[in-house]
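The values are calculated or read from the model by the stated rules, or taken from the named source; none is laboratory data. None of these values were measured; they are calculated from a predicted model. All Cβ positions, even for glycine, are placed from backbone atoms using ideal geometry, and neighbour counts span all protein chains on display.
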Amino acid sequence: MTTDFKEFGSYRIGVNLPVGQAPVWEKVARAARWGAPVVEINDQVERMGNKALHVLKELAQVNELKYTMHIPPSAEQSGELALPDERSNKFAREVFTQALKAAAKVGAKHITFHPTHQVPRPQKDTVYIYNELTKSVGAQRVPPGFEDKKDEFIKMLNESQKAELDTRINRLKSDLSLLKGLEQTAEIIEKRGVSTKDALDLALLTHEANRTGSMIGVRPPDIGEWAVIQEKVKRFEKLTPQEEKFVQDFAKRVRQQVKNYKTSIENSLKQIEMFKDKDVIKNGIEVMRDNIAKNIAALPKDVLQQAMSKGVSIGIENLPGQFLFSTPEELKDVRKRIVDNLVKKGFSRSAAENFVGFTFDFAHAITAKHFEAGGKKYSVPEFVQELGPGEVKHIHAVDAIGTIDAHLPLGHGELTKEEIEKVEQAVKKSGLTAVHELGPAGIPQLYHESLRFYEGGMYSVGEVPTSSLWGPTYLAASMVDPITMQKEGGYFYDSFVDLF
């Protein structure tokens, strides 16, 4: 183990801090005190309130600290952008809007988001399909021999769906015709009294409506009496005045019910006929890519303009290999669609391209390699080159082994120092930020191991190795730690401005 000592204040990688572990400004203060260049605030920052955001902004300004933000990576906390579900999509847009507003208030320059929280990568024999009728995406197994012909399979599904729609349309038209006949018969009975023929027609039509499901639950108030009446009209026997009144009352009730059923069937028929000659089954992945772009472009224009004017960017994060949006091709395509939709909204292409970039997660890229997501195995540097190094605006510096996204310290997984240096050289540009994302933020040893591997050497306060002082870690020192709070003669004297 090397015994070279380094002083604090020259870290190249920052730290990820969950808002839920309060108070977040205390943790930001510790990060600044121990030399972190950037802090990624994880969770719904806007919930902290304006005063807390102001304190965070002041902490950053006086300590030359940069902020990034990470929209919560779960559907429960931040909705869903990819799957077309209006309720979840609306919630996702609201969370994103508030994040952009909070970024402007706190001075954050980048917001990371997951393109989906819920959609796993399909198996080779499975395809995601979107049904225009149900407005939903589902997974469907393809028949043997169609694993590489999924477009042909979707074409077959559309042909089958069109035949099914024709059957449903004919069924609805038949039901509508039956109900119109029933309505007409009931109206005749109401207006001119009960004849044996009309009573028989009413009996037969209500029975048929119940049998076919056209009008479920059309029942007289007294089933026994109605059975007697039906038998009499079948034999063309004259009804008593009491029985005639029963039939008239029932006819009135039938008319009221038929009206509601008719309206429902007419609406269904109108809706289905809109899709009669259209392909209602679509490639679900294409729909989800479009949906992400449309949701981002649907954010309030004034909020987007304010963010762009303050130099805020958003980053699509590459996901672990078991999810969609974990390959360079998928990510680049989603970025292009977002940019195109923002241009349609009235933004210049250059402004939209500057606004939309990528957050690159080392560990997620490692898992994608082992899943062979997209049919290719990219090393971490190759993944960045495929993305386009100039579009990577933020990095999650974290390691992994195999398919498990374990949030390991750098050097404890598959990443080599040479690979990290290649990425660093590829993405070297003004404003790029990077943070450790090491799971349980309260475990100092994780940061100690990661920093020692990447930065080299050991860190010291005075001549005491920080491994003896719970570190080095941005989170190790307490706000009341006598070493970090030592003023005159201490390392931190005049190096940190405490606002409290």
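Within region 275-306, the set of residues being more than 27 Å from Gln118 (Cα to Cα) and either at pLDDT below 90 or surrounded by 20 or more Cβ atoms within 10 Å (Cβ to Cβ) (or both) comprises Phe275, Lys276, Asp277, Lys278. Selection of first residues in region 208-235 that are within 30 Å of Leu269 (Cβ to Cβ) and modelled with pLDDT of 80 or more and of second residues that are surrounded by 17 or more Cβ atoms within 10 Å (Cβ to Cβ) and small (Gly, Ala, Ser), restricted to Cβ pairs under 8 Å at least 6 apart or on distinct chains, gives the following pairs, ordered by first then second residue: Glu208/Ser214. Checking each residue in region 67-81 for being under 11 Å from the mean Cα position of the chain (by Cα) and outside any loop (DSSP other than H, G, I, E, B) picks out Ala75, Glu76, Gln77, Ser78. Filter region 156-196 down to the residues that are free of Cβ contacts under 8 Å to residues at least 12 places away in the same chain, more than 15 Å from Ile265 (Cβ to Cβ) and not hydroxyl-bearing (Ser, Thr, Tyr) and list them by number. Of everything in region 156-196, those that are free of Cβ contacts under 8 Å to residues at least 12 places away in the same chain, more than 15 Å from Ile265 (Cβ to Cβ) and not hydroxyl-bearing (Ser, Thr, Tyr) turn out to be Met156, Glu159, Ala163, Glu164, Gln184, Ile188, Lys191, Arg192. Tell me, yes or no, whether region 140-148 has at least one residue that is under 19 Å from the mean Cα position of the chain (by Cα), farther than 18 Å from Leu324 by Cβ and buried (at least 16 other Cβ atoms within 10 Å of the Cβ). Looking through region 140-148, none of the residues is under 19 Å from the mean Cα position of the chain (by Cα), farther than 18 Å from Leu324 by Cβ and buried (at least 16 other Cβ atoms within 10 Å of the Cβ). Considering only region 103-123, I want to know if a residue exists there that is more than 17 Å from the chain's Cα centre (by Cα), part of a loop (DSSP other than H, G, I, E, B) and surrounded by fewer than 15 Cβ atoms within 10 Å (Cβ to Cβ). Yes, some residue in region 103-123 is more than 17 Å from the chain's Cα centre (by Cα), part of a loop (DSSP other than H, G, I, E, B) and surrounded by fewer than 15 Cβ atoms within 10 Å (Cβ to Cβ). Just so you know, in region 250-274 the residues that are of a type in the set (A, V, I, L, M) and either surrounded by 13 or more Cβ atoms within 10 Å (Cβ to Cβ) or touching a Leu at 6+ places or on another chain (Cβ under 8 Å) (or both) include one that is farthest from Lys191 (Cα to Cα), and it is Ile272.
Beta carbons closer than 6 Å, at least 6 apart along the sequence or on distinct chains, pair a first residue in region 361-375 that is crowded, with 24+ Cβ neighbours inside 10 Å with a second that is at pLDDT 85 or above and assigned to a helix (DSSP H, G or I) for Phe362/Val380; Ala365/Val380; Ala365/Phe383. Of the residues making up region 292-344, just one is within 12 Å of Ala82 (Cβ to Cβ), in a strand (DSSP E or B) and of a type outside the set (Val, Ile, Thr), namely Phe323.
Would you be able to say whether some residue in region 37-46 is assigned to a strand (DSSP E or B) and more than 22 Å from the chain's Cα centre (by Cα)? Yes: region 37-46 contains one or more residues that are assigned to a strand (DSSP E or B) and more than 22 Å from the chain's Cα centre (by Cα).
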